[in-house]
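What follows draws every value from the coordinates through simple rules; no lab data is involved. Just so you know, these numbers come straight off a predicted model, no measurement behind them. Note that we place each Cβ from the backbone using ideal geometry, even for glycine, and neighbour counts take in every protein chain shown.
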Amino acid sequence: MSENAKLHYQGKEFELPLIHGTEDEVAIDIRSLRNDSGLIAFDPGLGNTGSCKSKITFIDGEKGVLRYRGIPLEAIESHPNFVEVAWLLIFGSLPTRAEYQRFSRSLTDTANIDEDMKHHFTGFPRSAPPMAELSAMLSTLSCFHPEFLEVEDPCEVEQVAARLISKVRTLAAYAYRRSRGLPYNYPDPSLPYVANFLHMMFSKPYQQYILDDEVMSALNMLLILHADHEQNCSTSTVRMVGSSGANLFASCAAGVSALWGPLHGGANVAVIEMLEAIHKGNMTAEQYVALAKDKDNPVRLMGFGHRVYKNFDPRATMLREVSEKLIKKMGTNDPLLSIARRLEEIALNDSYFIDRQLYPNVDFYSGIILRAIGIPTNMFTVIFAIGRLPGWIAHWYEQKQETGGRIWRPRQVYTGNTRSSYSSRASRGWEEV
Ligand code: SDX
């Protein structure tokens, strides 16, 4: 299909080519717009703007569809393996046995961080936000792995991806242990990915953490569901930073900072704080929903709404099932789960949310699962970052492989002073110096 879009402006007609995606998405190619017409497009929040072409993840927000390299998440649900999905996202196909074994070996062999780097944690206050530590320490990895500041071939990418995906667990666990004055647990090379993370988080001296298959399956699934989500805020940040030629460590450290925000990855913390406020009797679920609907009130129903999904976020549906199964298996009874279900029931029957197509998103149930595992609230967004890291690496690598890739440099519409004069300092009360 070669038809173009046509733009009529100041008596001229401008032809704008169309770009067609494999899922029938159509985009207007405006790369020559300013040169041809002098015009730029204006799209704050970029909700109508494609920043790139990508083969990694497809989302159909209207239908609530999410696929990694074309594979629906539901197909992965029955046998969740985060390392297998990380390979799929980064290298484009499911790993062969040999590839999986090689990558797993590399993750195991590189789980430790340099002993000098471990001492960096003592430089942070114990009350330091773990996301601040994670961003700093991911960037610091570049100081200890200068051999990966420049990566070109798939073999080097595999090696640096393994180091980042493996060490991010160690850094997260060390931040948690340090914040509680607990001794660090070294990675255990006999344990698979998620089990090793739980060991580093919760084992005590001379008392190994007891691994539970249900817990490991739940955390594998949670990490998989967070692994990528096309051009979200943090992934776009990684692409923007990477577009300058910045190394993968620096680009992922920037992604952590973007994810930290309460409108993005920080929402899982805000959801639990919301549920706890309701549970502590500060208000009922109905009162909270009323607040979230009040335009004069900044309160939002956290964990609800999404820029792309105008239907159920499939991840929320799967995480709700995981949370109920895990809590039932653990025999715990988390009152926050029943409050979450109540909020969902109220909102899904309320015209305010229905009219705005606001449904539960990935953050609505993830905190319930993490609480059940014993992960503290201030570590929730760190867990999101551990999950999202393979997606960030995949997008950074995909962009790096593009021929003729350009540095991201958006334009603006200037609305400031046109011409102003420099008033003398004396006229501004300065003493003449
Ligand atoms: C993630 O992009 C991704 O893919 C992100 C993510 C990923 O995997 O990377 O999916 C992860 O970030 C999920 C989202 C987590 N954030 C939250 O749960 C915070 C609460 N949700 C919202 O703040 C909001 O829904 C956003 C930020 C998620 C989306 O914001 P948009 O697309 O900019 O929507 P908007 O702010 O323009 O809202 C449209 C309308 C507004 O009302 P009106 O002005 O039309 O009257 O919906 C209202 C908003 O006030 N609205 C909400 C609401 N979300 C939107 N009202 C109450 N509660 C909410 N949660």
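Cα gyration tensor of the stretch 312-395, axes a ≥ b ≥ c as square roots of the eigenvalues: rounded (a/c below 1.5), prolate (a/b > b/c) or oblate?
Numbers: a/c = 2.21, a/b = 1.15, b/c = 1.92.
Oblate, because a/c is 1.5 or more while a/b does not exceed b/c.
Step through the residues of the stretch 5-17 one at a time and calculate ³J(HN,Hα) from phi using the Karplus curve (6.51 cos²θ - 1.76 cosθ + 1.60, θ = phi - 60°), rounding each to whole Hz and writing x for Gly and Pro.
8, 10, 10, 9, 8, 6, x, 10, 10, 10, 8, 10, x
What angle do you read, to the nearest 10 degrees and between 0 and 90, between the alpha-carbon axis of helix 233-243 and the longest principal axis of the chain?
70 degrees
Between the DSSP loop rule and a limit of at most 14 other Cβ atoms within 10 Å, which trypsin sites (Lys or Arg not before Pro) in the stretch 323-374 are left?
Within the stretch 323-374, the qualifying trypsin sites (Lys or Arg not before Pro) (loop, at most 14 other Cβ atoms within 10 Å) are 356.
Go ahead and estimate [θ] at 222 nm for the chain from helices alone: -39,500 (n - 2.57) per DSSP H run with n ≥ 4, summed, over the residue count, rounded to 500. Present the calculation step by step, with values, prior to reporting the outcome.
Working: 17 runs with 209 residues, N = 433.
When only DSSP H runs of four or more count, the value is -15000 deg cm²/dmol.
Name the long-range amide H neighbours of residue 14: under 5 Å, sequence gap of 5 or more, or other chain; modelled H, no Pro or chain starts.
7, 8, 9
Each residue of the stretch 61-67 in turn: what ³J(HN,Hα) in whole Hz from Karplus with 6.51, -1.76, 1.60 and θ = phi - 60°, glycine and Pro shown as x?
Couplings: x, 6, 9, x, 10, 9, 10 Hz.
With charges only on Cβ, +1 for K and R and -1 for D and E, what is the dipole size of the chain about its Cα centre, in debye, rounded to 20? List each step's numbers first, then the result.
Working: 45 positive and 50 negative charges, 173 e Å.
It comes to approximately 820 debye.
Using modelled amide H (1.01 Å from N, peptide plane; none on Pro or chain starts), what sits under 5 Å from the amide H of residue 203, excluding residues fewer than 5 places away?
For residue 203, the qualifying residues are 209.
What's the angle, to the nearest 10 degrees (0 to 90), between helix 380-401's Cα axis and the longest principal axis of the chain?
For 380-401 against the chain, the angle is about 50 degrees.
Just to confirm the number: angle between the C-alpha axis of helix 97-109 and the first principal axis of the chain, 0 to 90 degrees, nearest 10?
Once rounded, the angle reads 80 degrees.
Using a ≥ b ≥ c from the Cα gyration tensor of the stretch 136-239 (square roots of the eigenvalues), is it rounded, prolate or oblate, where a/c under 1.5 gives rounded and otherwise the larger of a/b and b/c decides, a/b for prolate?
On the way: a/c = 1.87, a/b = 1.45, b/c = 1.29.
Cα axes put the stretch 136-239 in the prolate bin.
With unit charges on the beta carbons (Lys and Arg positive, Asp and Glu negative) and the dipole taken about the Cα centre of the chain, which residue among 52, 417, 113 sits farthest to the positive side?
417
Which whole-Hz ³J(HN,Hα) couplings does the stretch 78-86 yield from phi under the Karplus relation 6.51 cos²θ - 1.76 cosθ + 1.60, θ = phi - 60°, glycine and proline marked x?
Result, rounded to whole Hz: 6, 9, x, 9, 4, 5, 4, 5, 4.
Going by a ≥ b ≥ c, the root eigenvalues of the Cα gyration tensor, does the chain fall in the rounded group (a/c under 1.5), the prolate group (a/b larger than b/c) or the oblate group? Display every interim value, and only then the final one.
Values: a/c = 1.38, a/b = 1.27, b/c = 1.09.
The shape class here is rounded.
At a 10 angstrom cut-off on C-beta neighbours, averaged per residue, how do the peptides 301-310, 282-291 rank from highest to lowest? Display every interim value, and only then the final one.
Details: 301-310: 21.8, 282-291: 15.9.
Ranked by mean Cβ neighbours within 10 Å, highest first: 301-310, 282-291.
Using the structure shown, select from 55/295; 167/310; 6/293; 53/310 the pairs with a Cα to Cα distance greater than 29 angstrom.
On the way: 55/295 39 Å; 167/310 36 Å; 6/293 40 Å; 53/310 22 Å.
Over 29 Å Cα-Cα: 55/295; 167/310; 6/293.
Show me the trypsin sites (Lys or Arg not before Pro) within the stretch 276-306 that DSSP assigns to loop and that have at most 16 other Cβ atoms within 10 Å of their Cβ. Provide the component values of the computation, followed by the final result.
On the way: sites: 280, 293, 295, 300; in loops: 280, 295, 300.
Those satisfying the criteria are 280, 295.
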